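Student: Structure incoming, see below.
Please treat every number below as a calculation from the coordinates, not as lab data. This structure is a prediction, so every number in the text was calculated from the model and none was measured. FYI the Cβ positions are ideal-geometry reconstructions off the backbone, even for glycines, and counts take in every protein chain you see.
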Amino acid sequence: MGTYRAAQVAAAGERFAVVDRELVPPGPGHVRIAVEACGVCHSDVYMVNNVLPGLRYPLVPGHEIAGRIAEVGEGTPDVWAVGDRVGVGWFGGSCGVCTPCRQGDFIVCPHLKVPGWAYDGGYAESVVVPFDALARIPDGLSAEDAAPLGCAGVTTFNGLRSSGARPGDRVAILGIGGLGHLAVRYAVAMGFETIAIARGAAKADFAKELGAHHYVDSSDPSAVASALQSLGGANVVLATAANSEAISATVDGLAPRGELVVVGIDAVPLTINPGQLIMPARIVRGHPSGTAQDVEDTMAFSALHGIRPVNETLPLAQADEAYQRMLAGQARFRMVLTT
């Protein structure tokens, strides 16, 4: 069938090399996507460094995929056809038979098929995925803009819309990096009084450019809660920053029955005591990304409201450079590989 190029790590922790691989036709219930763009997400570190169970090398990461269906496997529903513009995010398919799947809660399937973990990901010109992973890309989005919405976008969009916040409520976004800059835009478009929280006074202007109504400097974590309370308390804090100290510092800034939604990952434990939660009836919960339908909803909402990620693009041949820039925090804000 020919070959395609893929950026792979030969063993855990190694640098990326672009290699030629043999094209494989999609099996039953699968499609082959001609990849046009793939985001470089910080979660790819867990694949590259063998942090997750069951990884196999050589490994091709990438779970922010955008492209077109190039081939359809037997048994795939006829709603999908060659040429369709599709995206695949962190949700790369589910088992369909576990209790959460039978309850329709596919994103917490214990056998979730994450691209780059369960099968080769999108740092490539071609990828084969199960059809239930597919999300349609609207005409208003380029592949480069659609790709990061499969993880960074859906995580923040879905985290906000599944929270208890209603239009007019105060919603604070902790961190305005790769996820947070999208979260601020989504919060404003959803009608929330939006508070951006980040380290340093210099980021205030950028927060206002994103549409935030207020800015809180978190350089002194102990001052964050009082700053939030001076605004009336946050009904929801969406914590995108991967910093447990910064996340913990927002709890006392929540209004009564306020909700802390955690999407930023840090191995350090949160420092929250029961007294901070019980009397004000506050809620703390983790939030995963979202299903293929959630990704599709995220892209449609983004297209409708003119919301686009701030990307830096590099060709697939420079995958190692893109990954290293992401790792060093040099990208502003999403690195995207193009083929």
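Student: I'd like the full set of residues that are among the charged types (D, E, K, R) and outside any helix (DSSP H, G or I), limited to the range 303-339.
Tutor: Arg308, Glu312, Arg332, Arg334
Student: Could I ask something else about it? For Ser226, which of the numbered conditions (1) in contact with a Phe, Trp or Tyr (Cβ under 8 Å, 6 or more places away or on another chain); (2) not in a loop (DSSP other than H, G, I, E, B) fails to hold?
Tutor: Just one mismatch for Ser226, condition (1).
Student: Please enumerate the residues belonging to the range 214-240 that are within 13 Å of Ile173 (Cα to Cα) and without any contact (Cβ under 8 Å) to a residue 24 or more places away in the chain.
Tutor: His214, Tyr215, Asp217
Student: Right, next: Would you pick out the residues in the range 229-247 that are part of a helix (DSSP H, G or I) and surrounded by 23 or more Cβ atoms within 10 Å (Cβ to Cβ)?
Tutor: If the condition is that a residue be part of a helix (DSSP H, G or I) and surrounded by 23 or more Cβ atoms within 10 Å (Cβ to Cβ), then Ile247 is the only one that fits.
Student: Mind checking which strands (runs of 3 or more DSSP E) fall wholly inside the range 1-44 and carry at least 3 residues that are free of Cβ contacts under 8 Å to residues at least 12 places away in the same chain and over 29 Å from Asp78 (Cα atoms)?
Tutor: Correct list: empty, since no element meets the threshold.
Student: So if I check each of Gly122, Gly191, which one is surrounded by fewer than 24 Cβ atoms within 10 Å (Cβ to Cβ), in a loop (DSSP other than H, G, I, E, B) and not hydroxyl-bearing (Ser, Thr, Tyr)? Give the derivation first.
Tutor: Numbers: Gly122 fails: surrounded by fewer than 24 Cβ atoms within 10 Å (Cβ to Cβ).
Unique residue meeting the criteria: Gly191.
Student: Give the residues of the range 198-223 that are assigned to a helix (DSSP H, G or I) and among the small types (Gly, Ala, Ser), sorted by residue number. Before the answer, list the steps.
Tutor: First, pick out the residues of the range 198-223 that are assigned to a helix (DSSP H, G or I): 201-210, 221-223.
Hits for the range 198-223 are Ala201, Ala202, Ala204, Ala207, Ser222, Ala223.
Student: Something else: With respect to Val127, is the statement that it is out of contact with any Gly (no Cβ under 8 Å at 6 or more places or on another chain) and either buried (at least 20 other Cβ atoms within 10 Å of the Cβ) or in a loop (DSSP other than H, G, I, E, B) (or both) true?
Tutor: no
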